[in-house]
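Below is one structure, written out as structure tokens; comments come after it.
The values are calculated or read from the model by the stated rules, or taken from the named source; none is laboratory data. Bear in mind the structure is a predicted one, so any value in this text is a computation, not a measurement. Because the Cβ atoms are built from the backbone with ideal geometry, glycine has one as well, and the counts that use them run over all protein chains shown.
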Amino acid sequence: MNIAIVGGGNMGTLMAAEFAHQGHNIKIYSRRPNDWSDTIEVYDRDDKLLFYSSNIMICSELDKAVRGVDMICITTPASTFDEFAKRLEPLVNEGQTLFVVPGSGGAEFAFYNLIQKGMILLGMQRVHSISRLKTYGQSVYMLGRKEELHIGTIPAYAVDRYKEIVENLFSIKTDTLPNYLNVTLTPSNPILHTARLYALFHAQPRDYEYADNPLFYEEWDDESSEVLLNFNDELMQICDKLPLDVSGVISLRIYYESDSIESMTAKIRNMEELKGLGSPMCKSGNGWKVDWNSRYFTADFPFGLKILIDIAKLFDVETPEMNKVWKWYLGTGTIESVFEMPVDKEQFIEFYK
């Protein structure tokens with residue numbers, strides 16, 4: 001296949017290396033083309049080289065990257081979706097696949113005009129692997145690959161044709177979802193990251209200088225778990241009110257086999273693939289300050305948690321915990337752009353059929 005990857009960060013680099021290693025023709029759109037090597041190396045957490053890939057074309061112009069390809073993969077944060085939707089619209093054609101990785105963040109609304117042009121929107125509930133850059137444009141870590149992937153499409157009937165494609169791309173067993181709403185409502189980063197960030201930072205003012213940078217997952221605490229489980233339960237209440245098949249949305253209580261605050265804390269603290277990751281903070285003097293420009297904030301709050309709140313409002317579901325945390329984030333004064341639900345209840349239901 002001819003595949004274009006938009007974004008040369010953690011996930012874009014890993015996907016480019018994996019797909020090229022399987023013999024696909026890969027082009028990456030990057031604003032830093034001169035920083036790329038002819039070869040991308042992939043390592044495990046012990047710095048063991050797993051494989052390397054070459055013959056990947058780096059493009060500084062979006063047009064050259066995407067024209068005529070079979071699949072366009074979007075790996076940039078949700079806060080960039082509107083920008084890329086506008087830039088891609090004159091460049092894409094009916095029948096091309098738009099693969100948003102992982103698939104949440106309001107992709108179906110941001111790329112609505114591209115779907116109307118006949119593109120197929122493809123998304124996964126969760127990324128296939130944790131990825132971390134080793135050296136930009138040269139090497140990347142592949143950590144904690146999933147044993148199974150779950151995909152959805154718009155239109156929903158197209159999903160079956162992508163099962164084998166995704167399985168072959170990632171060499172991971174893949175199951176299909178009833179509709180794309182099962183991707184949008186997956187209890188992942190939009191509630192995982194936001195719960196943790198609220199617990200970490202809500203007690204201090206925006207410019208507070210902290211003594212250290214806590215490990216995001218390894219030092220996960222009970223307050224984070226309490227907020228997360230409240231989010232999860234409100235999300236499942238939303239699912240219960242929807243007149244659509246969302247059977248693919250699995251509660252975190254089941255997914256993580258953790259039905260209590262304490263067990264959830266223990267589970268997240270001991271997830272091997274997430275160890276060693278700090279919180280989104282910047283060094284400041286003798287301490288640390290919150291990095292409000294991190295995608296953890298700019299994507300997961302305004303294009304993650306906010307989407308869930310808007311869906312809840314459409315179906316008259318109360319979300320006091322989500323509202324509380326969203327109000328806190330608004331109060332930081334750091335928000336630059338935010339998702340606004342563009343359809344009414346009836347249009348929303350029809351969109352996912």
**Request:** Taking ASN113 as meeting all but one of (1) in contact with a Lys or Arg (Cβ under 9 Å, 6 or more places away or on another chain); (2) at pLDDT below 95, write down the number of the exception.
**Result:** (2)
**Asked** Do we have any residue at all in the stretch 156-164 that's closer than 30 Å to PRO33 by Cβ, without any contact (Cβ under 8 Å) to a residue 40 or more places away in the chain and of a type in the set (Phe, Trp, Tyr)?
**Response** no
**Request:** Report whether or not LYS64 is under 25 Å from SER171 (Cα atoms) and either touching a Lys or Arg at 6+ places or on another chain (Cβ under 8 Å) or part of a strand (DSSP E or B) (or both).
**Result:** no
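Working only within the stretch 279-297, note down all residues that are in a helix (DSSP H, G or I) and surrounded by fewer than 20 Cβ atoms within 10 Å (Cβ to Cβ). Spell out how you get there, then give the answer.
The first filter runs over the stretch 279-297 and keeps only residues in a helix (DSSP H, G or I), leaving 295-297.
Residue satisfying the conditions is ARG295 alone.
So, restricting to helices (runs of 4 or more DSSP H) that lie completely within the stretch 101-190, which ones have at least 3 residues that are surrounded by fewer than 20 Cβ atoms within 10 Å (Cβ to Cβ) and in the same structural domain as GLU83 (by TED's automatic domain parsing)?
Values: elements: 107-110, 112-116, 160-170, 181-184.
In the stretch 101-190, the matching helices (runs of 4 or more DSSP H) lie at 112-116, 160-170.
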**Message:** Need the failing condition index for ILE349 against (1) exposed (fewer than 14 other Cβ atoms within 10 Å of the Cβ); (2) over 30 Å from ALA211 (Cβ atoms); (3) of a type outside the set (D, E, K, R), just the number.
**Reply:** (1)
**Message:** Among the numbered criteria (1) surrounded by 15 or more Cβ atoms within 10 Å (Cβ to Cβ); (2) under 24 Å from the mean Cα position of the chain (by Cα); (3) assigned to a loop (DSSP other than H, G, I, E, B); (4) not aromatic (Phe, Trp, Tyr), which one does ARG31 miss?
**Reply:** (1)
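Consider the stretch 135-192. How many of its residues are hydroxyl-bearing (Ser, Thr, Tyr) and more than 23 Å from ILE115 (Cβ to Cβ)?
Our first condition is that a residue be hydroxyl-bearing (Ser, Thr, Tyr); within the stretch 135-192, this holds for 135-136, 139, 141, 153, 157, 162, 171, 174, 176, 180, 184, 186, 188.
Next, from what is left, pick out any that are more than 23 Å from ILE115 (Cβ to Cβ): 135-136, 139, 141, 171.
So the count comes out to 5.
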**Prompt:** So which residues in the stretch 33-57 are modelled with pLDDT of 95 or more and among the basic types (Lys, Arg)?
**Reply:** LYS48
**Item:** Filter result for ARG67 (more than 20 Å from the chain's Cα centre (by Cα) and under 26 Å from SER337 (Cβ atoms))
**Value:** no
**Message:** Give me the residue from the stretch 190-205 that is of a type outside the set (A, V, I, L, M, F, W, C) and within 12 Å of PHE216 (Cβ to Cβ) and, out of that set, farthest from the chain's Cα centre (by Cα).
**Reply:** ARG196
**Request:** Would you please name the residue that is farthest from the chain's Cα centre (by Cα), looking only at residues in the stretch 217-243 that are surrounded by fewer than 18 Cβ atoms within 10 Å (Cβ to Cβ) and not in a helix (DSSP H, G or I)?
**Result:** PRO243
**Prompt:** List pairs: first in the stretch 218-232 and outside the structural domain of SER279 (by TED's automatic domain parsing), second at pLDDT 95 or above and of a type outside the set (A, V, I, L, M), Cβ under 9 Å, 6+ apart or cross-chain?
**Reply:** none
**Request:** Among what's in the stretch 61-87 and is farther than 22 Å from PHE19 by Cα and touching a helix residue (DSSP H, G or I) at 6+ places or on another chain (Cβ under 6 Å), pick the residue that is surrounded by the fewest Cβ atoms within 10 Å (Cβ to Cβ).
**Result:** ARG87
**Message:** Of all residues being touching a residue at least 12 places away in the same chain (Cβ under 8 Å) and acidic (Asp, Glu) in the stretch 66-116, which is nearest to LEU305 (Cα to Cα)? Just the residue, please.
**Reply:** GLU108
